[in-house]
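K.L.:
Have a look at this one.
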Ligand code: IPM
Ligand code: MG
């Protein structure tokens, strides 16, 4: 029996192509793993009314980790129209499978390293090395939204401030949820000899929930006296990150702000082709490129697979296979530095699989 069971979830569009590329690299490091294909994505929404079928959830329960490609999603009304006729009248709502996986398996850490590999023509500046810790299960992502506010809510005095015809989305943040992601960020900083953790929030306006996040960070920071803590409002933070990206080391944020700053941080180091992500819980972790399924590129084998290859590298780190993880990262760095094989985003015309082969050849 293989040492690891890895759920293999390519999903839609170019998700399939970048996973194929990552497999070439994983095979080269000889990971002792069984890769089990799982159904996920648009096709299963249209045919079964569920983009994350129960059998895939069962598969994930029996795996050590998963590699996930990308998913196509559409606005609720459009999604409904693409269901097979038998499902049209069932009143099903499309929900993002990745958000569901994060919540179902309590994958509370969203880890997004953003490193400027030397020689990448897409680097905003050289030497950027930012690691984002994004809370991954609560905040505005809990999915509690009201298209019409139930009358009973207006019996709560504060609700008189809300227009009757407003739609509302609930932001819910707990002490436990805040504390565990902040602690994960500080633990990472300690282990990796990082100097600073910056807490991103909007506590000057969103006083209760973001106030909780900031206050919790100040408490947790006391346990890590060797690490500097600072904090910034999300709006100012987007300016500072562009103005002086070297000032930032480890960032920690509630879910939505983390979503926003992790895209910004990824763009500083090359954009979509380089943004990799780990959704990490106590028992399971799901690794993915942060880009989408790019339907217009599907079939062309054009997109950059480095984000997914770096996600596979993160998976190896998480499994405790440090040596193999380093082999992959060094090979990626070597190909970028050499500059001979470049996908279209990097100004070249190499294909997805040529990039994967080039990386594998350095291992
Ligand atoms: C991400 C993505 C997802 C998110 C989408 C696809 C639901 O933007 O992983 O950052 O908002 O979390
Ligand atoms: Mg995002």
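Coordinate-derived values only; no laboratory data. Just so it is clear, the model here is predicted, and its values are computed rather than measured. Reconstructed Cβ throughout: ideal geometry from the backbone, glycine too, with neighbour counts over all protein chains shown.
K.L.:
Å³ per residue of the Cα convex hull, for the stretch 59-126?
P.N.:
Values: hull volume 12.0 nm³, N = 68.
Cα convex hull per residue, to the nearest whole number: 177 Å³.
K.L.:
How much length would be gained if the chain were fully extended between residue 124 and residue 168, taking 0.36 nm per residue of separation minus their Cα-Cα distance, in nm to one decimal? Spell out each step's value before the answer.
P.N.:
Numbers: separation 44, 0.36 × 44 = 15.84 nm, distance 3.75 nm.
Contour length minus the Cα-Cα distance gives 12.1 nm.
K.L.:
Can you bin the stretch 133-205 into rounded, prolate or oblate? Criterion: square roots of the alpha carbon gyration tensor eigenvalues sorted a ≥ b ≥ c, rounded for a/c under 1.5, prolate for a/b above b/c, oblate for the rest. Display every interim value, and only then the final one.
P.N.:
Values: a/c = 3.72, a/b = 2.99, b/c = 1.25.
Verdict is prolate for the stretch 133-205.
K.L.:
Quick check: Cα centre of the stretch 150-189 to Cα centre of the stretch 308-363, how many Å?
P.N.:
40 Å
K.L.:
How much length, in nm to one decimal, is gained on full extension between residue 215 and residue 148, taken as 0.36 nm per residue of separation minus their Cα-Cα distance? Write down the numbers at each step before the final one.
P.N.:
Details: separation 67, 0.36 × 67 = 24.12 nm, distance 3.33 nm.
Taking 0.36 nm per residue and subtracting the Cα distance, the gain is 20.8 nm.
K.L.:
Largest first, please: the extent of the C-alpha atoms of the stretch 84-170 along each principal axis, to the nearest Å.
P.N.:
58, 43, 26
K.L.:
How big is D for the stretch 304-360, in µm² s⁻¹ as a whole number, if Stokes-Einstein is applied with the Kirkwood radius of its Cα pairs at 20 °C and 1.002 mPa s?
P.N.:
Values: Rh = 11.4 Å.
Roughly 187 µm²/s, to the nearest whole number.
K.L.:
In a Debye calculation with equal point scatterers on the alpha-carbon sites of the chain and no solvent, what is log10 I(q)/I(0) at q = 0.10, 0.14 Å⁻¹?
P.N.:
For the requested q values the scattering log ratios are -0.66, -1.25.
K.L.:
Taking R0 as 30 Å, what's the FRET efficiency between residue 100 and residue 226 from their Cβ-Cβ distance, rounded to 0.05?
P.N.:
Working: r = 38 Å, r/R0 = 1.27.
E between residue 100 and residue 226, to the nearest 0.05, is 0.20.
K.L.:
Return a whole-number percent for the relative contact order of the chain, with Cα pairs under 8 Å and 6 or more residues apart as the contact set. All intermediate terms of the calculation are to be shown ahead of the outcome.
P.N.:
Numbers: 756 pairs, mean separation 83.0, N = 363.
Value for the chain: 23 percent.
K.L.:
Next up: Which residue, 196, 115, 77, has the most motion in a Gaussian network model of the chain that connects Cα atoms within less than 10 Å?
P.N.:
77
K.L.:
Rounded to the nearest 500, what is the 222 nm mean residue ellipticity of the chain from helices alone, with -39500 (n - 2.57) per DSSP H run of 4+ residues and division by all residues? Working shown, then result.
P.N.:
Values: 12 runs with 139 residues, N = 363.
-12000 deg cm²/dmol, from helical runs alone.
K.L.:
Here's a follow-up. Calculate the tail of P(r) for the stretch 194-241: the fraction of all Cα-Cα distances greater than 16 Å, expressed in %.
P.N.:
Details: 444 of 1128 pairs.
That fraction is 39 percent.
K.L.:
With springs only between Cα atoms under 10 Å, which of 99, 200, 144 fluctuates most in a Gaussian network model of the chain?
P.N.:
144
K.L.:
Oh, and also: Taking the highest mean first, how do the peptides 283-294, 161-172 order by number of other beta carbon atoms within 10 angstrom per residue?
P.N.:
Final packing ranking: 283-294, 161-172.
K.L.:
For the stretch 242-354, rounded, prolate or oblate, judged on the Cα gyration tensor with a ≥ b ≥ c (square roots of eigenvalues), a/c < 1.5 rounded, else prolate if a/b > b/c? Display every interim value, and only then the final one.
P.N.:
Numbers: a/c = 1.44, a/b = 1.22, b/c = 1.18.
It is rounded, given that a/c, with a ≥ b ≥ c, falls under 1.5.
K.L.:
Sort all Cα-Cα distances of the stretch 124-266 into consecutive 10 angstrom bins from zero, then give the percent of pairs in each bin up to the one containing the longest distance.
P.N.:
Calculated P(r), rounded to whole percents: 11, 38, 30, 13, 7, 1.
K.L.:
Also: Counting DSSP beta bridges with both partners in the chain, what percentage is antiparallel, nearest 5? Let's see the in-between values first.
P.N.:
Working: 19 of 44 bridges.
For the chain, the DSSP antiparallel bridge percentage is about 45.
K.L.:
For residue 74 and residue 240, calculate 0.36 nm times their separation in residues minus their Cα-Cα distance, and state this gained length in nm to one decimal.
P.N.:
Full-extension gain reported as 56.5 nm.
K.L.:
Further, regarding this structure: Note down the nm distance, to one decimal, between modelled labels 7 Å out along Cα→Cβ at residue 207 and at residue 338.
P.N.:
It is 5.9 nm.
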